[in-house]
1. In degrees between 0 and 90, to the nearest 10, how far off the longest principal axis of chain B does helix B:187-204 point, with axes built from Cα atoms?
2. Along the Cα→Cβ direction, 7 angstrom out, place labels at A:R291 and A:A128. What is the inter-label distance in nm?
3. Count, for each residue of A:186-197, the Cβ atoms from other chains sitting within 10 Å of its Cβ, then give me the mean as a whole number.
4. Restricting attention to segment B:85-183, which GluC sites (Glu not before Pro) occupy a DSSP loop and are surrounded by at most 11 other Cβ atoms within 10 Å?
5. Separation between the A:S141 and B:D119 pseudo-spin-labels, each 7 Å from Cα along Cα→Cβ, expressed in nm?
6. Which whole-Hz ³J(HN,Hα) couplings does segment B:121-136 yield from phi under the Karplus relation 6.51 cos²θ - 1.76 cosθ + 1.60, θ = phi - 60°, glycine and proline marked x?
7. Dipole magnitude of chain A about its Cα centre, charges +1 at Lys/Arg Cβ and -1 at Asp/Glu Cβ only, in debye to the nearest 20?
8. Arrange the peptides B:100-112, B:58-70 so that the one whose residues have, on average, the most other Cβ atoms within 10 Å appears first.
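Since every read-out is calculated from the coordinates, none of them should be taken as a lab result. Everything numeric here is computed off the predicted structure, so don't read it as measured data. Backbone-built Cβ (ideal geometry, glycine too); neighbour counts: all protein chains shown.
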Amino acid sequence: MSLLEVDQLSVDLVAQGAPVRVLDRVELAIDAGQVHALVGESGSGKSLTALSVARLLPDTLTRRVAGTVRFDGEDVYGLDPAGLRRLRGRGVGYVFQEPSTALNPVMRIGTQIREMLQLHRPKEATDAVVWRWLERVGIPSPDIRARQYPHELSGGMQQRVMLALALSAQPRLLIADEPTTALDVTIQAQVLDLIQSLQRELGMAVLLITHNFGLVGEIADRVSVMYAGQVVERGPVSAVLNAPRHPYTAALLGSVPRLGDVRESLVVIPGTVPSPGHWPGGCRFHPRCSRATPGCATDQPAWREIAPESWVRCPYPVEVQS
Amino acid sequence: MSLLLVEGLKVHYPARPDWRGRPRAWVRAVDGVGLEVAAGETLGLVGESGCGKSTLGRAIVRLETPTAGSIRFNGEDLAGLDGPALRRARRGLQMIFQDPYGSLDPRWTVGQAIGEGIDIHGLIQEHGARRERIGGLLQDVGLDPAVADRYPHEFSGGQRQRIGIARALAVEPKLIVCDEPVSALDVSVQAQVVNLLQSLQRSRGLAYLFIAHDLAVVEHLSHRVAVMYLGRIMELGPSRTVCGDPLHPYTRALLSAVPEPGVRRRERVILQGDVPSPLQPPSGCPFHPRCPVAVARCRSEVPEFREVAPGRSVACHEVKERFGAS
């Protein structure tokens, strides 16, 4: 059994007027100790998927329409407030994209970590433990840093604090939502290395949300690709990156320039990503797909396993070249 | 002769004013940069945030006033010009901005935005011909000429970037400074804009100064690439050789930090620490506090930016010595 199982999850946004579907039958499964990457362009629903896993979507704005989210066998949407507090913290830790907005600007960083410990690991809520976590995420002189406020730290340092904050409760699943997007490449490499070594050391599972296929190849075991509110492909990372089966994944990989690339021009996906509420009927990708048939405009493709561990939402997957 | 020749360019900003408003320190955003761009060529400019690459680009089109140095464009020094003379000289020099949302006036139609440059330079007087020209420009960037009467909010990010490109093309420039034109775009749209820039270069013989932090995009688009760190150029050379065989330790670290699909657990040079503040740049070589091969000399002596192989220049004491020995 997987640590996290998301089954046929559909979510509506009910902000004003008619509800708008933002997630549509999302499938996700993460085993304990595994690094799972969730890739997609902006608006594909990857952050919303992650937020709904920790049940962080506000009830006033969104409504789960169908489907289940199970963490360690327990239905996340059936938990009482005490169960939810247990889930968020010891179950799921969360690292957000923008550390400068996710940290409390008027609280010393040591106090923020200590508060986390008091809530989730009360026996460990001491200065020494706070300092140890800061040290573990690579912050020098933690006793001095612990007394500083977020604005006194650089972006890379703030992201390390976010990481220390999430890890101090020792979660079984760390959700990292674009943890390095706001950082420069050399700092990104530092943070990525850190997540990877702590993941191995603590044996936790990681759900890494990114739009950068490069990161996926570096640290993930498995990858799910999202498009327009659906997961369109899932598989082992080497299979998906080297032999993508869904036409969208294949086109997306072809449109990214790589170092040492000798191609004259890049593969172009015509058109733009449709926004929620404007999703086309049938297969969501058919207006931009080079392999689309008339049937693609009317029939919803089924989510099916086409090879062991490899799932795809397309009736005409790309053939594997041998 | 080169189209653009920048020599010894410095842009310093006053900082930390005292009680009388006089600066107590200077931010050396660009600190002695020299580069040249030939007609029809793309020069890529890469570096991390805060290295001064955008300031350099803005100073070249004179959106910033240089503190020192010269910017020769078509043989004329832009650094000393102002008023009508600057405006005339700048016709051949346009800019595309990073943020496709912030760089178009929301209350102007697309046609007005594109037509402004045509009017300022008095290129077309007759109304019908002007309208035709705007339609033609929109077509060149892959948009319907009918969108000229629509407003920026009606377009997606990729389409707005195309409008920005059409606006730059309106005055028939020879060089376009592109400041991170694709970094705000989605991957699939980014490829469309990259291909558009390349085909416009081929059909119009444009030169680009392409500023970006994404090394793979820069390598793909550029003929030559310059690597910037703390206001200085560290390495410059043909893009394939700089990216394939970097000489400067900073370029090496930067390249090895770029994650790539399919490549797993490569040997990486992980740099320690952050980019230092340009308010208090380190003594000697600005990279020495993070450099894995720094020696005592790097702390005291600023390395000269010199040619170490045909077409390749590096600012590093260590590279010079290795080169001389081999």
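1. Taking Cα atoms only, the helix is inclined about 80 degrees.
2. Result: 5.9 nm between the two label points.
3. Values: counts 15, 8, 3, 10, 7, 0, 4, 3, 1, 0, 1, 0.
What the average comes to for A:186-197 is 4.
4. Details: sites: B:E116, B:E126, B:E132, B:E154; in loops: B:E126.
Hits after loop and neighbour filter: B:E126.
5. Each label point is offset 7 Å from its Cα along the Cβ direction, giving 5.8 nm.
6. Using θ = phi - 60°, the values come out as 8, x, 6, 10, 8, 6, 4, x, 5, 5, 5, 5, 5, 5, x, x Hz.
7. Numbers: 32 positive and 33 negative charges, 80 e Å.
Value, rounded to 20: 380 debye.
8. So the order, starting with the most tightly packed, is B:58-70, B:100-112.
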